[in-house]
Structures are given as C-alpha cells and as structure tokens.
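A.B. asks: Could you have a look at this structure, given as structure tokens, before my questions?
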Amino acid sequence: MTTSLGTLVFCAPCGNLLDPPISSSELTCEMCGHVTTDTGTKTVTTTSNPRAFPSSLRLRKSALQALAAEDLQTEAEIQQACPECGNEKMWFYTLQIRSADEGATVFYRCEACGHRFNTNN
C-alpha cells in the first residue's frame, strides 16, 4: 500500500517521495526498487463534535446577551486638573487614529463642566 497526500505519493517500505508516473500507472522507487501500482488519490474526511472542545466563550454564547452598565463604560478616571474650571477629576479614553507607528490620541472630558480636549501622544 502507498501513502499519498494530495498529489504526493510515498513509497510504503522506505518512505521515499516517488516521482509522478509519466506513461504507466506504475511507480518504481529509486531508493529500494519497490514497484507501486496504487497511485489513486485518497481522501480523508474528519468531523468533530463541537462539544469535544469545550470553550468558555462557547458556553456564554446565546441569542440574546444582556450588558451591564459597567460593561458599557469606555472611559477611565484620571486625577488631572481641568484647564477650564480647575476640577481635579477628569475622564479619558484613547483611540489610535493616526498611523500605527505614532502614539494614540487621548480624549479628555471634565466631570464637572463637561469641557473636552485631546492630546496626541
């Protein structure tokens, strides 16, 4: 019996890669001299059960997912003085809006007066 992977055919006794047949259906191994006549393509089909590979993400998957208010929070708190009102507490978030080799842009929002500004890092 030969082992074939796609269009590659290997010699069963020694494992040598056999050259494709030119005119006949017989292949002769140059290493051990074994003659191979079974050069048909072999197809192996495998299937697996989704439960065979447990996943915490798959277990949480549902048609409807409820989000808590803290899941929607995209800003973080920082102790920085607002340039408008002097309040010491601001909120910020970052976005990469320039090219990848440059720093991210930081967007600030004052909790007290609502003043907004940004900086490029």
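A.B. asks: What net charge do the residues around Met90 carry, taking every other residue with its C-beta under 15 Å from that of Met90, with Lys and Arg at +1 and Asp and Glu at -1?
C.D. replies: On the way: positive: Lys89, Arg109, Arg116; negative: Glu75, Glu77, Glu84, Glu88, Glu111.
Net charge around Met90: -2.
A.B. asks: Charges only on Cβ, +1 for Lys and Arg, -1 for Asp and Glu: so what's the dipole of the range 74-120 about the Cα centre, in debye to the nearest 20?
C.D. replies: Dipole of the range 74-120, to the nearest 20 debye: 100 debye.
A.B. asks: Right, another one. How far, in nm, would the chain grow between Arg109 and Gln80 when pulled straight, counting 0.36 nm per residue and subtracting the alpha carbon separation? Numbers along the way, then the final one.
C.D. replies: Working: separation 29, 0.36 × 29 = 10.44 nm, distance 1.05 nm.
Using 0.36 nm per residue and subtracting the Cα-Cα distance, I get 9.4 nm.
A.B. asks: While we're looking at this one, here's another question. In the range 74-120, if every C-alpha pair distance is counted and binned at 10 Å from zero, what percent goes to each bin?
C.D. replies: Percent of pairs per bin, in order: 30, 47, 20, 3.
A.B. asks: Say each of Leu72 and Asp19 gets a label point 7 Å from the Cα, pointing the same way as Cα to Cβ; how far apart are those two points in nm?
C.D. replies: 7.2
Laboratory data are not the source of any read-out in this text; all were calculated from the coordinates shown. Computed from a prediction, not measured in an experiment: that's the story for all the values here. Positions of Cβ are generated from backbone atoms using ideal geometry, with glycine treated the same way; all protein chains shown enter the neighbour counts.
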